[in-house]
Each structure stands twice: as C-alpha cells, then as structure tokens.
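> Let me give you the structure first, and then I'll get to my questions.
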Amino acid sequence: MQRRTVLRVLPALAGCAGGASAHNVPRIRVGLTAVILADQAAFLSRWGTYLSSRTNAEVTFTTRESYQEILDLLFAGHLEAAWVCGYPFVRQRTRLELLSVPLFEGQPLYRSYLIRPVDQRHKIEGWAQLKGRALAYSDPLSNSGWLVPQAQLRQADLRARDLRRSFFAHGHRNVAEAVAAQLADAGCIDGYVWETMRRQGMAAAFATEVVWRSESFGFPPLVVQSGMYDAAARSLQSALAGMGQDPLGKPLLQALNLDGFAQEPASIFASIERLAEEQARAG
C-alpha cells in the first residue's frame with residue numbers, strides 16, 4: 001500500500017516542481033507597432049528566441065496597430081517593455097523610463113519625411129501646396145507622422161479645414177502604400193521607415209518620392225514603466241546593447257536596418273518636447 005501511494009504521489013510532485021521552475025523563468029513581453037518586414041511574425045519569433053537566450057528570460061513580442069494600444073497594455077501591466085515613439089515618451093514622461101534607443105546610420109536620430117507619388121500630375125513641392133489636397137498621417141501619437149506635420153502646416157498658415165481631407169493610415173508603411181496608390185496626394189512618414197522600405201525593395205517606396213526632410217529627432221525608444229527598471233529590464237537592455245558585437249545579433253540588426261541599440265539621455269527628445277508644447281498651445 002505504501003509503495004502504491006508513493007508511486008501515485010511522485011508524478012504529482014514532479015509536475016509541481018516543473019511548474020514552479022517554469023513559473024520562475026522571468027517573462028519579458030515587449031510591445032510594438034508593426035515592423036517593416038514582409039516576414040514580421042517569423043522575424044519577431046527569431047528575435048524573441050535570440051533575446052531569450054541572452055537574457056535567460058522568455059522574451060516575446062506583442063504587436064498592435066497604434067501607440068496608444070501599446071501604452072495601454074504597458075500601463076495595465078500586460079507588457080514589461082514597449083517600443084514607442086518620442087512623442088508619447090515626452091507626453092508620458094513621468095510614467096516612462098528609457099530602456100534603449102536604436103541607432104540608425106550610427107546615430108540615435110531620424111527624420112520626418114513628406115512624400116508624394118512619383119507620377120503625380122500636379123506635383124506637390126512643399127507644405128504650402130497641400131491646400132485642397134489629401135494628406136495621410138501615420139498615428140496620432142507619432143512624432144514624424146503627425147506632430148512634425150502639424151508644426152509645418154502652421155508655418156505654412158494651413159489648418160485642417162484647408163486640406164481636402166486627411167486620415168490616419170495607422171502605420172508608416174501604410175502611409176507609403178496610401179500615397180503610392182494615390183489615395184492621398186502626400187503623406188507624413190518616418191524617414192527611417194521609408195529608407196528601409198527602399199532598402200528592402202518594397203514597391204510603395206519606389207512609387208513615392210521625398211518632397212521635404214525635417215531636422216533630426218530622437219529615434220523612437222524602448223521604454224519601461226517608471227519604477228519597473230528591474231533585473232529583467234536590465235538584462236534586456238544589455239542584450240540589445242550587445243547585438244552589434246554578436247555574430248547572431250548582427251543579422252537581426254541588418255534585417256531591421258539598424259546599427260545597434262544604446263543608452264541615451266532623455267535630452268535627445270528635447271526638440272520633440274518643444275513641438276508637443278507648441279501643439280498643446282495651438283490646440
């Protein structure tokens with residue numbers, strides 16, 4: 001009887017031990033909007049596997065259409081980190097902490113572009129010529145895809161009512177595709193995204209051309225909630241920083257068209273903060 005009892009109990013104990021071990025593996029859920037890759041799901045799976053091996057944690061990615069959805073998940077505790085834009089970072093400065101900033105062309109910087117169709121009949125040459133035209137934005141929390149354009153429209157003495165129409169395409173790649181299909185006469189897009197689309201041979205990038213380039217701004221960062229910079233976050237930060245020197249990390253960076261990830265001061269987002277303050281005053 002005792003032997004049979006022990007044989008019944010041992011599997012249960014083994015199951016409990018295994019569950020505890022699995023439960024103790026740190027979980028790092030990273031939220032982001034759509035990346036500009038044809039094989040997005042496959043790439044994020046590879047990247048998650050790589051980061052898991054470098055952090056001793058289970059790293060997974062969650063994608064949503066908008067920055068607001070990603071922020072909502074982060075603040076609700078459903079994510080440990082998020083790749084957002086500089087605009088929501090400065091808006092939520094007291095609630096967010098910088099984790100890492102990507103390096104594009106060797107710098108933690110990027111630009112906003114205004115693009116038009118290559119074969120546009122009456123070509124738009126600048127912001128002032130958007131009067132009576134259709135304009136595509138990316139996301140209401142995008143610096144390059146909404147905040148910068150608002151400042152440029154004000155400088156051109158244009159208001160929303162002066163446009164024939166405007167709309168959010170919910171993603172920079174979608175902006176390029178909307179302009180390429182001439183659903184919009186022009187579009188506001190992240191310059192890094194447009195350049196990467198061309199590098200990857202995407203048709204929408206070759207069917208559009210750049211009318212205007214902004215000054216440089218702090219590149220969209222990875223963030224955590226304030227007070228949540230724990231051991232798991234530090235391990236993710238270290239793993240990202242090491243990708244450029246890792247033979248297995250380099251191909252992943254190349255796929256993203258990035259040079260690496262670095263720790264940067266919040267001051268690189270000062271120009272975005274100024275634009276946000278101007279936009280708040282303008283209403």
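> Test LEU135 against the stated conditions and say whether it is among the hydrophobic types (A, V, I, L, M, F, W, C), assigned by TED's automatic domain parsing to the domain that holds ASP190, surrounded by 16 or more Cβ atoms within 10 Å (Cβ to Cβ) and not in a strand (DSSP E or B).
no
> Name the residues in the stretch 76-98 that are outside any loop (DSSP other than H, G, I, E, B) and small (Gly, Ala, Ser), would you? Spell out the reasoning first.
First, pick out the residues of the stretch 76-98 that are outside any loop (DSSP other than H, G, I, E, B): 81-83, 86-91, 96-98.
Within the stretch 76-98, ALA81, ALA82, GLY86 meet the criteria.
> Consider SER271 carefully, then state whether it is out of contact with any helix residue (DSSP H, G or I) (no Cβ under 8 Å at 6 or more places or on another chain), on the phi < 0 side of the Ramachandran plot and either of a type outside the set (S, T, N, Q) or surrounded by 15 or more Cβ atoms within 10 Å (Cβ to Cβ) (or both).
On the way: out of contact with any helix residue (DSSP H, G or I) (no Cβ under 8 Å at 6 or more places or on another chain): yes; on the phi < 0 side of the Ramachandran plot: yes; either of a type outside the set (S, T, N, Q) or surrounded by 15 or more Cβ atoms within 10 Å (Cβ to Cβ) (or both): yes.
Spelling it out, SER271 is indeed out of contact with any helix residue (DSSP H, G or I) (no Cβ under 8 Å at 6 or more places or on another chain), on the phi < 0 side of the Ramachandran plot and either of a type outside the set (S, T, N, Q) or surrounded by 15 or more Cβ atoms within 10 Å (Cβ to Cβ) (or both).
> Please give the number of the condition PRO102 fails out of (1) in the same structural domain as ALA57 (by TED's automatic domain parsing); (2) surrounded by fewer than 16 Cβ atoms within 10 Å (Cβ to Cβ).
Looking at each condition in turn, PRO102 falls short on (2).
> Would you confirm, using the coordinates I've provided, whether GLY260 is within 16 Å of the chain's Cα centre (by Cα) and either crowded, with 16+ Cβ neighbours inside 10 Å or of a type in the set (S, T, N, Q) (or both)?
Details: within 16 Å of the chain's Cα centre (by Cα): yes; either crowded, with 16+ Cβ neighbours inside 10 Å or of a type in the set (S, T, N, Q) (or both): yes.
Yes: the conditions hold for GLY260.
> Of the conditions (1) of a type outside the set (Val, Ile, Thr); (2) assigned to a loop (DSSP other than H, G, I, E, B); (3) touching a strand residue (DSSP E or B) at 6+ places or on another chain (Cβ under 6 Å), LEU103 clears all except one; give me its number.
(2)
> Are any residues in the stretch 245-264 in contact with a strand residue (DSSP E or B) (Cβ under 8 Å, 6 or more places away or on another chain) and in contact (Cβ under 8 Å) with a residue 24 or more places away in the chain, and if so, which ones? Working first, answer last.
Step one: filter the stretch 245-264 for residues in contact with a strand residue (DSSP E or B) (Cβ under 8 Å, 6 or more places away or on another chain), giving 253, 256-264.
The answer is LEU256, ASN257, LEU258, ASP259, GLY260, PHE261, ALA262, GLN263, GLU264.
> Sticking with this one: Determine, yes or no, whether GLN254 is modelled with pLDDT of 95 or more and either surrounded by fewer than 17 Cβ atoms within 10 Å (Cβ to Cβ) or touching an Asp or Glu at 6+ places or on another chain (Cβ under 6 Å) (or both). Show your work before the answer.
Working: modelled with pLDDT of 95 or more: yes; either surrounded by fewer than 17 Cβ atoms within 10 Å (Cβ to Cβ) or touching an Asp or Glu at 6+ places or on another chain (Cβ under 6 Å) (or both): yes.
So GLN254 fits the description; yes.
> Would you confirm whether or not the stretch 85-94 contains a residue that is surrounded by fewer than 17 Cβ atoms within 10 Å (Cβ to Cβ), at pLDDT 95 or above and among the hydroxyl-bearing types (Ser, Thr, Tyr)?
Within the stretch 85-94, one or more residues are surrounded by fewer than 17 Cβ atoms within 10 Å (Cβ to Cβ), at pLDDT 95 or above and among the hydroxyl-bearing types (Ser, Thr, Tyr).
> Additional query: Which residues, taken from the stretch 194-241, are over 25 Å from ALA156 (Cβ atoms), among the aliphatic types (A, V, I, L, M) and assigned to a strand (DSSP E or B)?
LEU222, VAL223, VAL224
> Only one of LEU158, LEU183, LEU153, LEU147 is assigned to a helix (DSSP H, G or I), over 23 Å from the mean Cα position of the chain (by Cα) and modelled with pLDDT of 95 or more; which?
After applying the criteria, what remains is LEU153.
> Right, something else. Of everything in the stretch 44-75, what is of a type in the set (Gly, Ala, Ser) and outside any helix (DSSP H, G or I)? Give them in sequence order.
Just the residues of the stretch 44-75 that are of a type in the set (Gly, Ala, Ser), to begin with: 45, 48, 52-53, 57, 66.
Correct list: ALA57, SER66.
> So, in the stretch 112-138, exactly how many residues are aromatic (Phe, Trp, Tyr) and modelled with pLDDT under 95? Please lay out each step first, then the result.
Taking the stretch 112-138 first, the residues aromatic (Phe, Trp, Tyr) are 113, 127, 137.
Subsequent filtering for residues that are modelled with pLDDT under 95 retains none.
The number of residues fulfilling the criteria is 0.
The values are calculated or read from the model by the stated rules, or taken from the named source; none is laboratory data. Everything numeric in this text was worked out from a predicted model, so none of it was measured. Positions of Cβ are backbone-derived with ideal geometry, glycine not excepted, and every protein chain shown enters the neighbour counts.
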